[in-house]
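This report refers to the structure that appears directly beneath it.
The values are calculated or read from the model by the stated rules, or taken from the named source; none is laboratory data. These numbers were taken from a predicted model, which means no experiment stands behind them. No Cβ is skipped: glycine too gets one built from the backbone with ideal geometry, and neighbour counts run over all protein chains shown. Just the protein is used for accessible areas: all its heavy atoms, side chains included, with ligands, DNA and RNA removed. Shrake-Rupley method; radii C 1.70, N 1.55, O 1.52, S 1.80 Å.
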Amino acid sequence: MIVEKKKKRVSKRNKTAWRKHSDIRDVEEFLEEQRLEERLGRFDTKKDDELFIVDTQGDGDEEDKPDIKPLSAKQQKRAKLNETPRCFQILLPSSKVEDPNKKRNIVKRFGTKPTALSKLTLKRKIENGSLQKKIELVKKNMKISRERKKKSKVVRETFDKNLWGQDLLEVKGIPETLCEEFISTEAQLHNVLTTQRLRPKPPPPKTVVDRVAIETPHPGVSYNPTFKEHQELLQDVVQHEEKMMKKEAHINRVTTKMFRRISAKSKENQWIEEMSVGFQPSRPQDESDVSDNEYRPVNPPVQNKKKDHKARRKQKEMILEKERLKRQKIDKKKITDIYKLRKLNTSISTKEKRLESEREKRESKKQAEAKTALPALNAHKAPVKEPDFVPPEQLSGDLRSLNASTNLLRDRFESLQRRGALAASKVMMKKNRKVKSYYKAGHKVTDQDVEKYMQNVNKKVKISK
């Protein structure tokens with residue numbers, strides 16, 4: 001029901017005033033009803049069968065109802081297969097508004113409509129018989145896939161395979177459909193469930209038994225060695241020390257000695273020189289310049305002297321001659337390179353052979369080291385044993401006056417690390433923290449506090465007397 005309001009005398013000069021002061025609710029309600037009829041359909045156009053239902057049964061008792069057996073969950077699922085899923089219901093049209101453009105053109109995808117060229121190629125294929133072969137191959141593949149599908153569904157009843165005696169793929173949990181030659185191992189393992197995967201047993205770690213617990217020392221380490229054995233040990237120690245010195249010198253050369261040292265004064269002079277690069281020092285004036293009062297600039301103006309035709313021609317000829325000589329040199333180099341091809345091929349082949357041999361040596365060395373390598377227990381490397389040596393003046397000749405050069409506990413500890421029984425470790429030095437000492441606020445004693453204390457003591461002494 002539209003409630004009529006009292007009319008007001010207002011100005012309707014522009015559109016905003018018309019919208020504000022004009023009542024269009026009746027028009028909006030009429031249009032809304034029309035849209036609703038378009039969506040749901042008009043009642044006057046519908047038949048009576050759609051609007052009304054004739055009740056023939058009436059309100060009977062519950063006993064008259066037929067005994068319908070409720071559907072099982074499986075039957076309910078099968079019944080719902082024909083229905084459209086809820087996720088696709090939003091895509092279906094909910095309104096009954098007809099399409100305004102009934103003769104709408106159907107846009108076909110590119111390639112669906114046969115062209116003149118595609119018709120010709122199809123005709124040629126039919127004549128050749130290639131299309132028939134293709135169709136037969138497709139049918140054959142479909143038949144094979146159907147048989148494989150049936151085979152996969154069949155439950156195995158005979159257990160005649162020895163699962164523990166052979167390295168079968170079925171043992172690893174790989175399905176029979178993937179147990180073929182052309183399927184890679186990565187694809188096979190990818191399709192196996194994580195619970196069914198049987199991982200290969202890892203190789204046993206290199207134990208302490210593989211290496212000797214106590215290595216036999218060099219005969220020159222003895223407290224009473226022969227001259228020859230002592231000299232051999234001395235040579236080994238010298239070579240080891242030279243190697244270490246060479247390594248240390250290399251580190252020093254590539255770090256400290258890369259930068260030259262300069263004094264503070266030369267550094268300051270260098271800085272002044274670098275900072276005053278753009279500034280020109282004032283030139284000393286000659287006596288002739290001082291006597292003349294004429295103004296002369298530091299940079300006199302440049303005169304635009306034009307070149308004549310002869311000079312320009314000469315310049316052009318010179319440029320062309322330079323270009324010709326340059327091209328001639330390049331052509332000559334190309335010819336010489338052609339003659340050098342055989343030499344270049346031989347040098348490249350020799351270099352490739354050398355690199356291949358070096359690569360093979362590295363690989364063989366790496367494999368040999370891997371066989372005797374220790375298990376990687378941590379990131380640190382095991383300490384390398386340094387050669388023991390006793391100088392000739394310290395050789396005692398008997399066990400009583402022998403001085404111990406190494407620590408027995410440290411030697412055994414490093415031996416266990418070298419054999420792989422213990423993880424290699426580094427010496428971690430503790431940093432001594434600088435503790436800042438200060439007086440607590442309540443514990444400070446000044447000269448004034450001492451004087452007060454002495455005065456109090458003197459007073460107490462006087463009173464006691």
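Only one entry in ALA368, ALA373 is touching a residue at least 24 places away in the same chain (Cβ under 8 Å), open to solvent by less than 90 Å² (accessible area, probe 1.4 Å) and within 30 Å of ARG419 (Cα to Cα), namely ALA373. Here GLN239 clears all of (1) within 30 Å of LEU395 (Cβ to Cβ); (2) open to solvent by less than 80 Å² (accessible area, probe 1.4 Å); (3) modelled with pLDDT of 90 or more; (4) of a type in the set (S, T, N, Q) except the condition numbered (2). Out of GLN57, GLN89, GLN76, one residue alone is at pLDDT below 80 and out of contact with any Lys or Arg (no Cβ under 9 Å at 6 or more places or on another chain). It is GLN57.
Between LYS343, LYS306, LYS332, LYS310, the distinction of being at pLDDT below 95 and surrounded by 10 or more Cβ atoms within 10 Å (Cβ to Cβ) belongs to LYS332 only. Residues in region 19-42 that are open to solvent by 100 Å² or more (accessible area, probe 1.4 Å) and of a type in the set (Gly, Ala, Ser): 0 in all.
For ILE348, the stated conditions do not hold, so it cannot be described as over 45 Å from the mean Cα position of the chain (by Cα) and open to solvent by less than 100 Å² (accessible area, probe 1.4 Å).
I'd like the residue in region 381-416 that is of a type in the set (D, E, K, R) and not in a loop (DSSP other than H, G, I, E, B) and, out of all such residues, is surrounded by the most Cβ atoms within 10 Å (Cβ to Cβ).
First, pick out the residues of region 381-416 that are of a type in the set (D, E, K, R): 381, 385-386, 388, 393, 398, 400, 410-412, 414.
Cutting the leftovers down to not in a loop (DSSP other than H, G, I, E, B) gives us 393, 410-412, 414.
Working: GLU393: 5, ARG410: 10, ASP411: 12, ARG412: 12, GLU414: 19.
The residue in question is GLU414.
The set of residues in region 417-431 that are open to solvent by less than 80 Å² (accessible area, probe 1.4 Å), part of a loop (DSSP other than H, G, I, E, B) and of a type outside the set (A, V, I, L, M, F, W, C) comprises GLY420, SER425.
Just wondering, is there one or more residues in region 436-448 that are under 52 Å from the mean Cα position of the chain (by Cα) and more than 30 Å from LEU377 (Cα to Cα)?
The initial filter retains those residues of region 436-448 that are under 52 Å from the mean Cα position of the chain (by Cα), namely 436-437.
Next, only the ones that are more than 30 Å from LEU377 (Cα to Cα) stay: 436-437.
Checked region 436-448: at least one residue is under 52 Å from the mean Cα position of the chain (by Cα) and more than 30 Å from LEU377 (Cα to Cα).
Scanning region 222-232 finds one or more residues that are under 30 Å from ASN403 (Cβ atoms) and small (Gly, Ala, Ser). Taking each residue of region 249-278 that is open to solvent by less than 100 Å² (accessible area, probe 1.4 Å) and looking for partners that are among the hydrophobic types (A, V, I, L, M, F, W, C) and at pLDDT below 90 with beta-carbon atoms closer than 8 Å, six or more apart or interchain, yields GLN270/ILE262.
Looking only at region 92-117, count how many residues are hydroxyl-bearing (Ser, Thr, Tyr) and closer than 24 Å to ARG42 by Cα.
Narrowing region 92-117 to residues hydroxyl-bearing (Ser, Thr, Tyr): 94-95, 112, 115.
In the following step, the residues that additionally are closer than 24 Å to ARG42 by Cα were identified as 94-95.
The total comes to 2.
Among the residues of region 351-362, those identified as open to solvent by less than 90 Å² (accessible area, probe 1.4 Å) and within 33 Å of the chain's Cα centre (by Cα) are LEU355, GLU356, GLU358.
Within region 371-415, the only residue that satisfies the criterion of being under 23 Å from LYS426 (Cβ atoms) and aromatic (Phe, Trp, Tyr) is PHE413.
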